[in-house]
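Colleague: After the structure tokens below, expect a handful of questions from me.
The values are calculated or read from the model by the stated rules, or taken from the named source; none is laboratory data. Everything quoted here is computed from the prediction, not taken from an experiment. As a convention, Cβ positions derive from the backbone with ideal geometry for all residues, glycine included, and neighbour counts pool all protein chains shown.
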Amino acid sequence: MEPLIIAATQETPGVNFDKDLGKFLIFGKSFPEEVKRFFDPIIYWLQEYEANSNEETKFEIRLEYFNSSTATMLLEVLYTLEKIIHDRGKKVVVIWNYLEEDDDMLEVGVEYSEMIEVPFEFNVIQDY
């Protein structure tokens, strides 16, 4: 399976998914004008990955900012990760990174962790 690498821009997050390296990272800012168009390849890649996933998947989210449209798409990404656990019996953990002073980002991560059945680890970082 080919890695999915998308460079970050001022409006879209960077994506680095590599099954062979076990690296799954979304980072940066996310407020694309056409959010579905941006996230569709990401979700498609994850659906392909779900069919032949690693025994353990550590999925890291390191977003500095995202809008409500991105929030909806992130939930779809998380539901795909949930399927890896339920349908494939594999281990998945989401690593939610946030700045210590960013209570809003922590709160959003906690809300996601309560909406899906995927373990979350909350990681305080110094900088994006």
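Colleague: Looking at this structure, is Asn54 outside any helix (DSSP H, G or I), under 21 Å from Glu11 (Cβ atoms) and either polar (S, T, N, Q) or out of contact with any Asp or Glu (no Cβ under 9 Å at 6 or more places or on another chain) (or both)? I'd like the intermediate steps shown before the answer.
Modeller: Values: outside any helix (DSSP H, G or I): yes; under 21 Å from Glu11 (Cβ atoms): no; either polar (S, T, N, Q) or out of contact with any Asp or Glu (no Cβ under 9 Å at 6 or more places or on another chain) (or both): yes.
No; evaluated as a whole, the condition is false for this residue.
Every residue, every condition in (1) under 24 Å from Tyr128 (Cβ atoms); (2) out of contact with any strand residue (DSSP E or B) (no Cβ under 9 Å at 6 or more places or on another chain), yes or no:
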residue	(1), (2)
Gly14	yes, no
Gly22	yes, no
Phe31	yes, no
Val35	yes, yes
Asp40	no, yes
Ile43	yes, yes
Glu48	no, yes
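Colleague: On to the next question. Looking at (1) in contact with a Leu (Cβ under 9 Å, 6 or more places away or on another chain); (2) not in a helix (DSSP H, G or I), which is the only condition Val77 fails?
Modeller: The single condition Val77 does not satisfy is (2).
Colleague: Let me ask something else. Can you pull out the residues in region 89-108 that are closer than 22 Å to Asp40 by Cα and in contact with a Ser or Thr (Cβ under 7 Å, 6 or more places away or on another chain)?
Modeller: Passing the criteria: only Val92.
Colleague: When the residues of region 1-46 are narrowed to those that are loosely packed, with under 12 Cβ neighbours inside 10 Å and outside any loop (DSSP other than H, G, I, E, B), which ends up nearest to the chain's Cα centre (by Cα)?
Modeller: Ile5
Colleague: Shifting gears a bit: Scan region 99-107 and tell me whether some residue there is of a type outside the set (Lys, Arg) and within 27 Å of Asp20 (Cα to Cα).
Modeller: Of all residues in region 99-107, those of a type outside the set (Lys, Arg) come to 99-107.
This time we only want the ones that are within 27 Å of Asp20 (Cα to Cα), so: none.
Looking for residues that are of a type outside the set (Lys, Arg) and within 27 Å of Asp20 (Cα to Cα), one finds none in region 99-107, hence no.
Colleague: So, of the residues in region 47-70 that are within 17 Å of Glu117 (Cα to Cα) and among the hydrophobic types (A, V, I, L, M, F, W, C), which turns out to be surrounded by the most Cβ atoms within 10 Å (Cβ to Cβ)?
Modeller: The selected residue is Ile61.
Colleague: When both residues are 6+ apart or on different chains and their Cβ atoms are under 7 Å apart, which pairs have a first residue that lies in region 1-23 and is farther than 15 Å from Phe59 by Cα, and a second that is assigned to a strand (DSSP E or B) and aromatic (Phe, Trp, Tyr)?
Modeller: From region 1-23, the pairs are Ala8/Phe27.
Colleague: Answer with yes or no whether Phe59 is part of a strand (DSSP E or B), in contact with a Lys or Arg (Cβ under 9 Å, 6 or more places away or on another chain) and hydrophobic (A, V, I, L, M, F, W, C).
Modeller: On the way: part of a strand (DSSP E or B): yes; in contact with a Lys or Arg (Cβ under 9 Å, 6 or more places away or on another chain): no; hydrophobic (A, V, I, L, M, F, W, C): yes.
The answer is no for Phe59.
Colleague: Scan region 118-128 residue by residue and report those that are among the charged types (D, E, K, R) and surrounded by 13 or more Cβ atoms within 10 Å (Cβ to Cβ). Before the answer, list the steps.
Modeller: Here is the first cut: in region 118-128, the residues among the charged types (D, E, K, R) are 121, 127.
The one that is among the charged types (D, E, K, R) and surrounded by 13 or more Cβ atoms within 10 Å (Cβ to Cβ): Glu121.
Colleague: Exactly one of these conditions fails for Leu81: (1) at pLDDT below 95; (2) under 19 Å from Pro3 (Cα atoms). Give me its number.
Modeller: Going through (1) at pLDDT below 95; (2) under 19 Å from Pro3 (Cα atoms) one by one, Leu81 breaks only (1).
Colleague: Can you work out which of the residues in region 84-115 that are more than 13 Å from the chain's Cα centre (by Cα) and in contact (Cβ under 8 Å) with a residue 40 or more places away in the chain is surrounded by the fewest Cβ atoms within 10 Å (Cβ to Cβ)?
Modeller: Of everything passing the filter in region 84-115, Met115 is surrounded by the fewest Cβ atoms within 10 Å (Cβ to Cβ).
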